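Engineer: Okay, here's the structure, questions in a sec.
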Amino acid sequence: MALADIVRDCGVVGAGGAGFPTHVKVNSRVEVLIANGAECEPILVTDQWVMAQHPREICEGIRAVGEAVGAKRLVFATKHKYHEVIRRFKPFLNLDPPIELFELGDFYPSGDEQTLVHEVTGRIVPEGGIPLHVSVLVQNVSTLLNVQRALRGKPVTLKHVTVAGEVHGPGVYIVPIGTRAIDCISHAGGAKVEDFAIIDGGPMMGRLLLSPFEPIIKTTSALLVLKKDHPLVQRRSTPDMAEKRFALSVCCSCRMCTDLCPRHLLGHRIEPHRAMRAVANATENDIHVLAMGYLCCLCNVCEAYACPMGLSPRRIFEQFKARLAREKLPQIYKARPEKTLDAYAWSKVPKERLTARLMLSQYVLPPVGEPVSLVEYIKTVFIPMKQHSGVPCIPIVKEDQHVREGECIGIVPEGALGAPIHAPFDGVVRQVEKDKVIISRS
């Protein structure tokens, strides 16, 4: 069976981003495969701990994907400061075929796939494009671990998650997919404060959970527990209309958001300060401004680091993206820059300084540790049928049905983009709805 079929049947999706089904990428042909071990989000150590524990398996995943896509160059890219990770990987890099070690600087967003492609290969992805357009495939290291496990017949049922912030037992935990955020936090020692909020993912690109009962899914990388009055929580709670009013009344068009924008520095024609000015001048219907939303990667450098007034071009671009999709407006930016801006070399955001700016330095975790498994302690899981890019899965189980660990419980409609979903442990189906399946241990 082809690798693409194996990873599809095992439900492997991108573990480090939007959850794009891996079998689609594995069906491509590229010159370069990059294993992304940068993990540039402040506070998160999920991939670092996974890399330290599973270097052999990840390298096997790299070689399997490299063979499938015909890559002539295999690269393991990680931060130069991850000394222990590099030490543990080195014995497995020089096997056949060899995997090149590429050491990245400690900046944000070094893990952004377009930035990573340029750092490793010198190539620049076209505006609105993807690495495949320059014959490069980027795969997160945790995704590659899941690929290796799929080759051994193990579907994706568990997730490594950083639990950090205002918790008694911060660290990386292994939990069944479908575990509620509040249950994971409780088993990790519980919150230190009563009035808290949870950010799903990193502090830069993560989202504020609407409820602590939301479940962990295949793309969950972290649960960041913060006091409700923390600036990050307050900012994510600000209504979109308020952001527009801020832009209207406060933006001074200093261009710092543009000058530090990672995609702008790559030569893409995205200028966040122009978007803010358009909102202030009521000229945001200009397609040349609106279409910049297609170029924004939502890295949040503009809001969290660049703007001296604390404004959020990212939120404005989010609104632009929604409108572009809703009205099916054209993508007019498609050029491939010949070179980066001169400022690219000295305008990278230092991760340590960014962490301090976010007021999160007190939550920094050690770069390497032993993940703690909570699998046997979680008795009930609430498994969403939508955990990836594409369409939701269709439940194929019934209430009171007994299921085995790894058994498929949700399938993708014929011809649609998606990945199947599997039971994380032996149990009984307690409830089946269109959008979720609840399973309890038998």
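The values are calculated or read from the model by the stated rules, or taken from the named source; none is laboratory data. What you see is a predicted model; the values in this text were computed from it and never measured. Note: ideal-geometry Cβ built from the backbone for every residue, glycine included; neighbour counts use all protein chains shown. Heavy atoms of the whole protein, side chains included, go into the accessibility calculation; ligands, DNA and RNA do not. Shrake-Rupley method; radii C 1.70, N 1.55, O 1.52, S 1.80 Å.
Engineer: Of all trypsin sites (Lys or Arg not before Pro) in the stretch 1-81, which ones are in loop regions per DSSP and have a Cβ with at most 16 other Cβ atoms within 10 Å?
Structural biologist: Filter output for the stretch 1-81: 29, 72, 81.
Engineer: Here's something else I'd like to know. Please give, to one decimal in nm, the separation of the simple spin-label points placed at residue 321 and residue 123, each 7 Å out from Cα toward the Cβ.
Structural biologist: 2.4
Engineer: Right, something else. State the extension gain, in nm to one decimal, for the chain segment bounded by residue 174 and residue 80, taking 0.36 nm per residue of separation less the distance between their alpha-carbons.
Structural biologist: Length difference between fully extended and current span is 31.2 nm.
Engineer: Given the DSSP H assignment, sum -39500 (n - 2.57) over each helix run of at least 4 residues in the chain and divide by its residue total; what's the result at 222 nm in deg cm²/dmol, nearest 500?
Structural biologist: Mean residue ellipticity at 222 nm (helix-derived): -8000 deg cm²/dmol.
Engineer: Only four residue types carry charge here, +1 at the Cβ of Lys and Arg and -1 at the Cβ of Asp and Glu. Report the dipole size of the stretch 295-442 about the Cα centre in Debye, rounded to the nearest 20.
Structural biologist: Computed charge dipole of the stretch 295-442: roughly 720 debye.
Engineer: How much length is gained if the chain between residue 356 and residue 240 is pulled fully straight, taking 0.36 nm per residue apart and subtracting their Cα-Cα distance, in nm to one decimal?
Structural biologist: The residue 356-residue 240 span can extend by a further 39.2 nm.
Engineer: Sticking with this one: Taking all protein chains in place and a 1.4 Å probe, what share, in percent, of the accessible surface of the chain do carbon and sulfur account for?
Structural biologist: 53
Engineer: Could you state how much accessible area residue 245 has, in square angstrom rounded to the nearest 10, with a 1.4 Å probe and all protein chains kept in place?
Structural biologist: About 140 Å², ignoring ligands and nucleic acids.
Engineer: Considering only DSSP beta bridges whose two residues both sit in the chain, what percent are antiparallel, to the nearest 5?
Structural biologist: Here the antiparallel bridges make up roughly 60 percent for the chain.
Engineer: Report for the stretch 58-185 the percent antiparallel among DSSP-assigned beta bridges with both residues inside it, nearest 5.
Structural biologist: 55
Engineer: Continuing with this model, one more query. Over the stretch 145-277, how many percent of alpha carbon pairs lie in each 5 Å bin up to the one with the longest distance?
Structural biologist: Percent of pairs per bin, in order: 2, 9, 15, 15, 13, 12, 12, 11, 7, 2, 1, 0.
Engineer: Could you list the square roots of 5 times each eigenvalue of the Cα gyration tensor of the stretch 273-431, that is, the equivalent ellipsoid semi-axes, sorted largest first and rounded to whole Å?
Structural biologist: Equivalent ellipsoid of the stretch 273-431: 41, 26, 15 Å, largest first.
Engineer: Also, quick follow-up: Could you pull out which residues in the stretch 278-292 have an amide N less than 13 Å from a spot 7 Å beyond the Cα of residue 269, following the Cα-Cβ vector?
Structural biologist: 287-292
Engineer: To continue, here is another question. Per the Kirkwood definition applied to all pairs of different Cα atoms, how many angstroms is the hydrodynamic radius of the stretch 209-302?
Structural biologist: 15.5
Engineer: Same structure again: For the pair residue 386 and residue 133, what calculated FRET efficiency results from E = 1/(1 + (r/R0)^6), where r is the Cβ-Cβ distance and R0 = 25 Å, to the nearest 0.05?
Structural biologist: The value I calculate is 0.35.
Engineer: Given R₀ = 56 Å, what would the calculated FRET efficiency be for residue 286 paired with residue 186, taking r from the Cβ atoms and rounding to 0.05?
Structural biologist: Given R0 = 56 Å and the Cβ-Cβ separation, E is 0.65.
Engineer: Which lysines, on any chain, are close to residue 159 with Cα under 20 Å apart, when same-chain ones fewer than 8 places away are left out?
Structural biologist: Correct list for residue 159: 218, 379, 386, 436.
Engineer: Extension gain residue 441-residue 405, at 0.36 nm per residue separation less the Cα-Cα distance, in nm?
Structural biologist: Extra length available between residue 441 and residue 405 comes to 11.9 nm.
Engineer: Further question: Counting other C-beta atoms within 10 Å, and keeping those with at most 15, which DSSP coil chymotrypsin sites (Phe, Trp or Tyr not before Pro) do you find in the stretch 180-282?
Structural biologist: Passing sites in the stretch 180-282 are 213.
Engineer: Still on this model: With no solvent and one equal point scatterer per Cα, compute the Debye intensity ratio I(q)/I(0) for the stretch 287-375 at 0.16, 0.18 Å⁻¹ and report its log10, rounded to two decimals.
Structural biologist: Debye curve over Cα of the stretch 287-375, log10 I(q)/I(0) at q = 0.16, 0.18 Å⁻¹: -0.88, -0.98.
Engineer: Separate question: For the stretch 244-339, which GluC sites (Glu not before Pro) pass both filters: DSSP loop (anything but H, G, I, E, B) and at most 15 other C-beta atoms within 10 Å?
Structural biologist: Of the GluC sites (Glu not before Pro), the ones in loops of the stretch 244-339 whose Cβ has at most 15 other Cβ atoms within 10 Å are 338.
Engineer: Another one. So how do 398, 90, 386 rank on accessible area, 1.4 Å probe, biggest first, that is with the largest at the start?
Structural biologist: My answer, sorted largest first, is 398, 90, 386.
Engineer: When the Kirkwood hydrodynamic radius is evaluated over all pairs of different C-alpha atoms of the chain, what value in angstrom, to one decimal, is obtained?
Structural biologist: When all Cα pairs of the chain are included, the Kirkwood radius is 22.5 Å.
Engineer: Right, next: Is any residue of the stretch 288-312 close enough, with backbone N under 15 Å, to a label point placed 7 angstrom from the Cα of residue 193 along the Cα-Cβ axis, and if so, which?
Structural biologist: Of the residues in the stretch 288-312, none has backbone N under 15 Å from the label point off residue 193.
Engineer: Separate question: Taking the solvent-accessible surface of protein heavy atoms with a 1.4 Å probe, what is the per residue accessible area of the chain in Å²?
Structural biologist: Accessible area per residue, the chain: 42 Å².
Engineer: Let me cross-check residue 180: its accessible surface, 1.4 Å probe, with only protein heavy atoms counted, in Å² to the nearest 10?
Structural biologist: About 60 Å², ignoring ligands and nucleic acids.
Engineer: So the label point goes 7 Å from the Cα of residue 2 along Cα→C-beta, right? Which residues of the stretch 132-166 then have their backbone N under 14 Å from it?
Structural biologist: Answer for the stretch 132-166: none.
Engineer: Also, I was wondering about something else. Can you return the lysines within cross-link range of residue 72? Criterion is Cα-Cα under 21 Å, with same-chain partners fewer than 8 residues away left out.
Structural biologist: 25, 90
Engineer: Once you wrap a convex hull around the alpha carbon atoms of the stretch 231-363, what is its projected area averaged over all directions, in nm²?
Structural biologist: Spelled out: convex hull of the Cα atoms, projected over all directions, averaged, 8.6 nm².
Engineer: Could you please state, rounded to a whole Å, how far the C-alpha centre of the stretch 145-210 is from the C-alpha centre of the stretch 1-65?
Structural biologist: 19
Engineer: Across 10 Å bins from the origin, how do the percents of Cα pairs in the stretch 1-147 run, short distances first?
Structural biologist: In order of increasing distance, the bins hold 12, 46, 37, 5, 0 percent.
Engineer: Moving on to the next point. Could you compute how much accessible surface residue 92 exposes when probed at 1.4 Å, giving the result in Å² to the nearest 10?
Structural biologist: Residue 92 exposes around 60 Å² with every protein chain in place.
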